[in-house]
1. How much net charge surrounds L147 when only other residues with a Cβ under 15 Å from its Cβ are counted (Lys, Arg +1; Asp, Glu -1)?
2. How long, wide and thick is the chain, going by the Cα atoms along their three principal axes, in whole angstroms, largest first?
3. At a Förster radius of 60 Å, what calculated FRET efficiency corresponds to the Cβ-Cβ distance of D236 and W14, to the nearest 0.05?
4. Going through the DSSP H helices of the chain, which span 18 Å or more along their own axis at the Cα atoms while scoring at least -0.5 as a mean Kyte-Doolittle hydropathy?
5. Based on the Cβ-Cβ distance of E162 and V220, what FRET efficiency does E = 1/(1 + (r/R0)^6) give at R0 = 60 Å, to the nearest 0.05?
6. Quick one: grab Rg to one decimal and Dmax as a whole number for region 1-104, Cα atoms only, in Å.
7. Which order do peptides 286-297, 348-359 fall in by mean Cβ count within 10 Å, highest first?
8. According to the square roots a ≥ b ≥ c of the eigenvalues of the Cα gyration tensor, what is the shape class of region 90-167, taking rounded for a/c under 1.5, prolate for a/b larger than b/c otherwise, and oblate for the remainder?
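The values are calculated or read from the model by the stated rules, or taken from the named source; none is laboratory data. Note that the coordinates shown come from a computational prediction; the quantities given were computed from them, not determined experimentally. With ideal geometry, Cβ positions are generated from the backbone for all residues, glycine too; neighbour counts draw on all protein chains shown. With ligands, DNA and RNA removed, areas are computed over all heavy atoms of the protein, side chains included. Shrake-Rupley method; radii C 1.70, N 1.55, O 1.52, S 1.80 Å.
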Amino acid sequence: MALPQIALPDGYRWRTLTKDDQRLVTELDTWAFPSGLAHDDIDATPSPLTWERAIAIEAEGFDGLAALHASYPFQQFPVPGAELPTAGLTWVGVHPQHRRRGLLTAMIDLHLARSAERGEALSALFAAEAPIYGRFGYGHAADDLRLEIPRGAALRDVPGAERHTIRLEVATREKHGELVDRLHRAVGAAPTGLPGINRPGWVTRETEELQAILWDDSPVFREGRESRRIMIVELDGEPRGYVTFRRTMNWELRGPRGRVHAGEVVALDAAAARALWGALLDLDLTNEVTPFVLPVDDVITNLLVDLRAAVPRTPDNVWVRLVDVAGALAGRRYAADVDVTLAVTDARLPANAGVYRLRAEAFGEASVERVDPEFEAPDLSLDVRELGAAFLGGRSLAALAAAGLVTVHPRPGQPTNALARASAAFGWPIAPGSSWVF
């Protein structure tokens, strides 16, 4: 497929990449994101890139790449009550010598144009620097939870947890790949253990490249930690959850001060989660468990008797950008009946700008149509950035309005204003979030 016609500054040109360009990618990546690792060591590990979606910029007279971006083809990206094709923007970097020349802007424009051509209604990313992506229409749609849980921290009891057993093994794709993928998908589809309510943003590793990098256990990236282990919780021999982890050991005069670095903590129901967390918090020679990325409403927040002692922090998680406003709004479900008219601005994708009437019954299919504002006045006005922030159900339209980012146009005779109705509908019972950084 030919690239869309997105202009670059004089002296620069687009370049499509293949796996044969791995060293060039590594060299640019370590300029954009400094690393103490040797290039040969990095190149010896699998690349997560889908190469046909990786595009670089070259500069005349410059040896190497001036800039790079890529995306992951998420065909099953979870949104409230549904899934939508989504471009996972990633590996965005500009060589320090070529900054402040408009290369990032050109790459974002190309990415959005290609996403639209492929029929991807959304683009999603993790932001290396939070101030960058809002100006391109990405909204801060989810947070995650980081904890430092003391070993032996008291947990509330859950009936049935004592019936579960724990299995500990060295983690390998051959032995555990299918189990991990199956349980991860199942928990994203039904985090309460019951059907009907999914976890938006709980993206799975859909490509072979992402699976390969997940299971690669090269010592290069262990940072002094042990090889990857897995703890599996079972009920009558059936796997009900897992956690991947690595330990580190530090001997002090007062004794061992080990740390458990946990990856994904996944369980199909409350009893399995209680059994899994109870075992994870009781490993010998350790004094602390640090899960990497958890949903902000993870079950551990309610199981811990003293959450404060775990020093909770909530950094930003997924950012979302609507590429096709009508398709995205129609492609999700809503937590309350809604009939609202939205005036949307979008400086980056002017075709999105307009007035849309959204109608849906709670948890049912939605309909979206463009309307003429001369005949149907909008209830709310907002930029596509705020629409992206609210899209996964983790940001309140009312809170955005309180900050002056959503404008309300009251209608006489309405007993409940449109902001309240839309805020209730756009919300979701389960907090959004991805369990890994893409």
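1. With Lys, Arg at +1 and Asp, Glu at -1, the net is -3.
2. 72, 65, 37
3. Rounded to the nearest 0.05, the efficiency is 0.60.
4. Span-like helices here: 103-117.
5. Step by step, r from the Cβ atoms, then E = 0.90.
6. Taking only Cα atoms of region 1-104, I get Rg and Dmax of 15.1, 51 Å.
7. So the peptides 286-297, 348-359, ranked by packing, come out 286-297, 348-359.
8. Prolate.
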